[in-house]
Amino acid sequence: IKKQQQDVLGFLEANKIEFEEKDIAANEENRKWMRENVPEDSRPASGNPLPPRLFNDSRYLGDYEAFFEARENNAVYAFLGLTAPPGSKVGVYLPHSKP
């Protein structure tokens, strides 16, 4: 989890993308908010959703795997719901449909 969090934060910082990090380990209210705002179809079969989870305000974007896939496809800005800066590669993020 720590490595994935560092990967996401490092990418956001390197690309000067503004973000707010919410600590769920030390703040019960943040933990409760995250668990309540991860959609049912994005929750694990058992247990609680684990970080990192990405949101744009209160809109759920996805977990680390979705972020990683978007990054690999040069579609992070679309994934994050942001306009890509001039000269950056932009792709369209399409989530995999579930069978």
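The values are calculated or read from the model by the stated rules, or taken from the named source; none is laboratory data. In this text the structure is predicted, and so the values were computed from the model without any measurement. Counting neighbours? That spans all protein chains shown, and the Cβs are built from the backbone with ideal geometry, glycine included. We work out accessible area using only protein heavy atoms, side chains counted, and drop any ligands, DNA or RNA first. Shrake-Rupley method; radii C 1.70, N 1.55, O 1.52, S 1.80 Å.
Brief remarks on what is shown
- Boolean, residue 20 is open to solvent by 90 Å² or more (accessible area, probe 1.4 Å), modelled with pLDDT of 95 or more and closer than 25 Å to residue 2 by Cβ: no
- Tally, over the stretch 9-48, of residues that are hydrophobic (A, V, I, L, M, F, W, C) and touching a Lys or Arg at 6+ places or on another chain (Cβ under 7 Å): 4
- Top-ranked residue in the stretch 30-67 [being open to solvent by 50 Å² or more (accessible area, probe 1.4 Å) and in contact (Cβ under 8 Å) with a residue 24 or more places away in the chain; ranked as farthest from residue 15 (Cα to Cα)]: 41
- Only a single item in (1) touching a residue at least 40 places away in the same chain (Cβ under 8 Å); (2) assigned to a loop (DSSP other than H, G, I, E, B) is not met by residue 83, and it is number (1).
- Number of the condition not met by residue 54 [criteria: (1) over 19 Å from residue 3 (Cα atoms); (2) touching a helix residue (DSSP H, G or I) at 6+ places or on another chain (Cβ under 7 Å); (3) at pLDDT 90 or above]: (1)
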